[in-house]
Amino acid sequence: MSSSSGQEFKLSPDHVFMEPKKGIKNNGDMDAWQKSEAYFEYFGFIMAINEAVKGKSLDSNYPCSKTIDKMINMLDNFDKWIDEIPPTEQPQRFGNKSFRTWSERLNESAADELKIILPENLYKAIPEIVHYLLEGFGNPTRIDYGTGHEMAFIMFLCAMFKIGAFEVSDKAAAGIKVFSRYLEVVRKLQLTYRMEPAGSHGVWSLDDYQFVPFIWGSSQLIGHHRIEPQNFVDPGVAEAHGKQYIFLSCIAFISKVKTGPFAEHSNQLWNVSAVGSWSKVNSGLIRMYKAEVLAKFPVMQHVLFGSLFSMNPVPDSMAFKAPHPPNVVNSIPGH
């Protein structure tokens, strides 16, 4: 699936996979990144899933292949490992060292887990795509997690479409079902091992750990007959509907881990609640994501590039077709 052009992605039979490596070494590389095939593929994928989940809850009817179900089983396994590797007794408040043990198990098992999910003819893709999976759960050295790790997992999902492991019709299931389960796992990691937010910007950032669930989650709520943006700051609304809507699950989690008035500990999200419609919230968050994540060197320096996500300049024809959020005045107050 070449999400950015809207065409179906077909790998040639002789496609050569490669171990992905970091490609953004300094600020000077940021311009090349924003004009690269990888940028347009990734951003196009964000937009394709954004469209696929629009107006759908977790329980809505949408196609779901056996590979999606196998992916959920894999994430269930990752979740069980957390129970099997309890946090260590240690004096420091953050960064429990047992996360490194969990991460070691992930490193040792990830390729085999992918062999359960993938048909044998796609095993050749594992040495490349496994790195995006491994990067998606946080850094074992720093014991932290942030939007760069979230991005790695989304690149992994995109890669699963690109190699043909997911069906084209799986877009809604990947964006709602798989991503919801992934969020549950990383939240459990964050709480159990007291992981530091990677590159947190304090109360003026959207969230300590995540960004994309607010984009896809706001798309889910477009057209909802009862829940409007002003309602999500009500703890009862997030608690009641968090299992169905990713945006509200994020709000429920924030309310669980932070104390004090919502407007103080999550000021940006408080501002979002003043926006008039979910479609405006959605387009505003997409613009914010491009500026606050995709255009920031501290995040992008960790991104991996290989055969599926290339730093090669994007052809003009592809750049022309790449989707952009609606050209509205920036919807998020203060941006």
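Convex hull volume of the C-alpha atoms in the range 224-312, normalised per residue: 152 Å³. 3J(HN,Hα) couplings calculated from phi for the range 145-152 with the Karplus curve 6.51 cos²θ - 1.76 cosθ + 1.60 (θ = phi - 60°) are, in sequence order, 8, x, 5, x, 6, 4, 4, 4 Hz; Gly and Pro show x.
Solvent exposure of the chain, expressed per residue, is 44 Å² of accessible area, with all protein chains present and a 1.4 angstrom probe.
Calculated mean residue ellipticity at 222 nm for the chain: -14500 deg cm²/dmol, from DSSP H runs with n ≥ 4 weighted as -39500 (n - 2.57), summed, divided by the residue count and rounded to 500. Close amide H partners of residue 305, meaning residues 5 or more places away or on another chain with modelled amide H under 5 Å apart, are 21, 22, 23. Output the pairs from 66/188; 80/243; 124/243 with a Cα-Cα distance over 31 Å in this structure; if there are none, say none. Over 31 Å apart, Cα to Cα: 124/243.
Expressed as a whole percent, the accessible area of the chain that falls on carbon and sulfur atoms is 51 (1.4 Å probe).
Candidates (1) 61, 51, 35; (2) 94, 39, 32; (3) 56, 52, 45; which is the computed Cα extents along the principal axes in Å? So the calculated entry is the one marked (3). Near the amide H of residue 36, within less than 5 Å, lie the amide hydrogens of 314, all on another chain or at least 5 residues away, with H placed in the peptide plane.
Summing +1 for each Lys or Arg and -1 for each Asp or Glu among the other residues whose beta-carbon sits under 14 angstrom from that of residue 98 gives +1. Pairs from the table (25/290; 22/54; 21/280) lying more than 28 angstrom apart at Cα are 22/54; 21/280. Starting from the exponent 0.38 and prefactor 2.2 Å, build the expected Rg for the range 177-281 from its residue count and divide its actual Cα Rg by it. So the Cα radius of gyration is 1.01 times the expected 2.2 N^0.38 Å.
Can you give me the Rg/Rh ratio for the range 73-207, using Cα atoms for both radii and the Kirkwood formula for Rh? Across the range 73-207, the Cα-based Rg/Rh ratio is 0.98. With the cut-off at 1.5 for a/c, could you classify the range 44-144 from its C-alpha gyration tensor as rounded, prolate or oblate? Taking the square roots of the gyration eigenvalues as a ≥ b ≥ c, the range 44-144 is prolate. Across the range 113-127, coupling constants 3J(HN,Hα) worked out from phi with the 6.51/-1.76/1.60 Karplus curve, θ = phi - 60°, read 4, 5, 5, 6, 7, 8, x, 4, 5, 9, 4, 5, 7, 4, x Hz, and Gly and Pro carry x. When only alpha carbons are used to place a centre, the range 89-113 and the range 35-62 end up 30 Å from one another. Taking 8 Å as the Cα distance limit and 6 or more residues as the minimum spacing, I'd like the relative contact order of the chain as a percentage. Relative contact order for the chain comes out at 30 percent. Summing charges over all other residues whose Cβ lies under 15 Å from the Cβ of residue 155, with Lys and Arg as +1 and Asp and Glu as -1, gives -3.
The values are calculated or read from the model by the stated rules, or taken from the named source; none is laboratory data. Computed from a prediction, not measured in an experiment: that's the story for all the values here. Glycine also receives a Cβ, built like all others from the backbone with ideal geometry; neighbour counts cover every protein chain displayed. Accessible surface is based on the protein model in full, side chains and every heavy atom, while ligands, DNA and RNA are left aside. Shrake-Rupley method; radii C 1.70, N 1.55, O 1.52, S 1.80 Å.
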